[in-house]
Amino acid sequence: MTNIGLYNYWIVFLLMMTGLYVVIVSTNLIKKIIGLNIFQTSVFILYISIGKVAGGTAPILAEGYKVYSNPLPHVLILTAIVVGVATTALGLALIVRIHAEYNSVDEEKIYQNDPSD
Amino acid sequence: MISTHLPVLQVAIPLLAAPACVVFRQATVTWLLALSVSCISLLISISLLWQAFTTGEIRYELGGWAAPWGIEYKVDVVNAFVLVIVSGMSSVVLVYARESLQHELGIRRIHLVYTGWLLCLTGLLGITVTGDAFNVFVFLEISSLSSYLLIGLGPDRRALTAAFQYLVMGTIGATFILIGIGLLYMMTGTLNMTDLSQRIPAVSHTTTIHAAFAFLALGIALKAAVFPLHYWLPNAYTYAPSAVTAFMAASATKVSIYLLLRFFFDIFSESFSLRTMRLNEILLITGVIAIFSMSLVAIYQQDIKRMLAYSSVAQVGYMVIGIGLASATGIMAAILHLFNHALMKGALFMALGCIFYRLKSLELNDLAGIGRTMPWTTAAFVVGGLSLIGVPLTVGFVSKWYLILATLERGWWWLAVLIVASSLLAVVYIWRVVEVAYFKPAQDTEVNEAPMSMLIPTWALIAANVYFGVNAQQTIRFAGRAAAELLGLP
């Protein structure tokens, strides 16, 4: 029961492992960025889950409510989401440049063109 | 009055100057702006170090919000020392960067390079100065994102793939750190480093804290290029513009090593990190493998910039061994080596930049005879190389000396022997360059010495290598005090 009650953490782990797997396995650079995004999203869900207080409502002062969820992790993760967007943007910008230089976004083809490493 | 705000000005000035570079656009103006901002940061960090050394820890509440609610900046000797390293190296390399960057990248849109540089400086200084765990992540990403940009600008197209590789690895590392901080917050309800260190002992037996420890250790080790998580480093250093490599090699990994010290000796207590989690054993083993395997790999490189990049991973190994020894002397040796390695690698990469400026190549075979055509640059490389090996009268000797003292304190003769033996490998890869540069006939006798604006900063760092190698008392005092503070000794 407790294991099922913590199902969002299971989802966090599922997404985290999926994301890492995609980053490691795919040779397509865009797919790598997608994997990285899934990986980061899992951490966003982790933080949002931390803020949940059992029986708590949204943290808005109102009569009749005594228990509130913790808003701080949500605020923190807004920052991390912005960072994630910036990383994705920079990653995609690099891919555009790589495509212009190598005419491919596939890692294997790129390394074939540069045999020295 | 303004002196009470020094900790935040340290970060705020470069952060504000970065967009100003975009506005001004003009190459010389933005370079002057970046250089003066960097020098101001250096002055601030020196005064902070002196203040922390004489009067003790400085605490600064950002926006006047008291500590657990607001972000707190906390400066003690440990991070003030790292601040001086980062801002000092940035200033010296910026003097050099103007000619080097314009030659390698062209003058068009060069202001964006300085913007990236200042943002990277902001991030590195911010990581160091902050006393808030989440703030560390934010600044880490500021410095990382700008360094991906700076590396990707390199003159060779392989710089793009190197930057992409670093982006993927760096993001995984930073996200691991984010997970670790989240798990710590989950168990303690605080992000302030002082509060964390007080509250962790009560919950340190839980799996959540153990997992947080593991995530943080992996994430920070990835950013610090601790063997075997160094995969991104050789490519990134090889293909980045010369000035950027010199700056990164002298500052970025140093800040990550500082984070390692801060998290595992200050936030997690020393006894938890070392006795419960046995971090020191892992660090010792990976450190010893690093100094041997990476020095061996360096010997077989044809590109000497890549050779020095592998040597950097090996040098991180020495720092990690010092931390792994887990004694006051060991940690002092690690902190000393942070400073000393910044001096020697900064100087060496700058010398390589001078060579690249004239030869357009850093392949070993193309370097034939440059000892005669570029005598000053080659001499700088040789002195830097001697320092890297650890010859007496250079800074390399000072850090190796204390590292060996620390191993002998533990009675580990074998480790002392291994450290000396690995230094001999450094002799081999530096000698390969010396041999080609001095004992082979020059292919192109038309090659001139690099311009003065590049040679002078290079030689300034070489002089620092010798100066701090002879007059090591002051750095040893700072490093000793920093180690004592980390271990909670009086």
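Contact map, the range B:270-281: first residue closer than 9 Å to B:Gly324 by Cα, second residue open to solvent by 20 Å² or more (accessible area, probe 1.4 Å) and of a type in the set (Ser, Thr, Tyr), Cβ cut-off under 6 Å, separation 6 or more or different chains; the map is empty.
The condition (being more than 14 Å from chain A (Cβ to nearest Cβ) and either open to solvent by less than 20 Å² (accessible area, probe 1.4 Å) or closer than 26 Å to B:Leu284 by Cβ (or both)) is satisfied by just one residue among B:Ala224, B:Ala211: B:Ala224. Residues that are surrounded by fewer than 24 Cβ atoms within 10 Å (Cβ to Cβ), assigned to a loop (DSSP other than H, G, I, E, B) and free of Cβ contacts under 8 Å to residues at least 24 places away in the same chain: does the range B:322-331 have at least one? No, the range B:322-331 has no match at all.
Just so you know, in the range A:81-98 the residues that are small (Gly, Ala, Ser) and facing chain B (nearest Cβ under 7 Å) include one that is most open to solvent (accessible area, probe 1.4 Å), and it is A:Ala86.
In summary, B:Thr175 fulfils each of the numbered conditions (1) more than 9 Å from every other protein chain (Cβ to nearest Cβ); (2) buried (at least 23 other Cβ atoms within 10 Å of the Cβ) with the single exception of condition (1). Among the residues of the range B:380-391, those identified as closer than 14 Å to B:Ser423 by Cα, in contact (Cβ under 8 Å) with a residue 12 or more places away in the chain and open to solvent by 10 Å² or more (accessible area, probe 1.4 Å) are B:Leu386, B:Ile389, B:Gly390. It is to be established whether one or more residues within the range B:182-196 are more than 12 Å from chain A (Cβ to nearest Cβ), open to solvent by 40 Å² or more (accessible area, probe 1.4 Å), part of a loop (DSSP other than H, G, I, E, B) and not aromatic (Phe, Trp, Tyr). No, the range B:182-196 contains no residue that is more than 12 Å from chain A (Cβ to nearest Cβ), open to solvent by 40 Å² or more (accessible area, probe 1.4 Å), part of a loop (DSSP other than H, G, I, E, B) and not aromatic (Phe, Trp, Tyr). Restricting attention to the range A:45-71, the residues that are of a type outside the set (Ser, Thr, Tyr), assigned to a helix (DSSP H, G or I) and either touching a residue at least 40 places away in the same chain (Cβ under 8 Å) or out of contact with any Phe, Trp or Tyr (no Cβ under 8 Å at 6 or more places or on another chain) (or both) add up to 2.
Could you tell me whether A:Ala62 is open to solvent by 40 Å² or more (accessible area, probe 1.4 Å) and either more than 12 Å from chain B (Cβ to nearest Cβ) or touching a helix residue (DSSP H, G or I) at 6+ places or on another chain (Cβ under 8 Å) (or both)? Yes: the conditions hold for A:Ala62.
For residues that are part of a helix (DSSP H, G or I) and hydroxyl-bearing (Ser, Thr, Tyr), scanning just the range B:119-153, find the one that is farthest from the other protein chains (Cβ to nearest Cβ). Ranking the candidates gives B:Thr128 first.
Number of residues in the range B:447-487 that are part of a loop (DSSP other than H, G, I, E, B) and touching a residue at least 24 places away in the same chain (Cβ under 8 Å): the value is 6. Screening B:His337 against (1) in a helix (DSSP H, G or I); (2) surrounded by fewer than 23 Cβ atoms within 10 Å (Cβ to Cβ) leaves a single unmet condition, (2).
Return yes when B:Arg158 is among the charged types (D, E, K, R), more than 22 Å from the chain's Cα centre (by Cα) and closer than 26 Å to B:Ser144 by Cα and no when it is not. So B:Arg158 passes the test.
The values are calculated or read from the model by the stated rules, or taken from the named source; none is laboratory data. All values reported here derive from a predicted model rather than from experimental measurement. Positions of Cβ are backbone-derived with ideal geometry, glycine not excepted, and every protein chain shown enters the neighbour counts. In case anyone asks, the SASA skips ligands and DNA or RNA and just uses the protein heavy atoms, side chains included. Shrake-Rupley method; radii C 1.70, N 1.55, O 1.52, S 1.80 Å.
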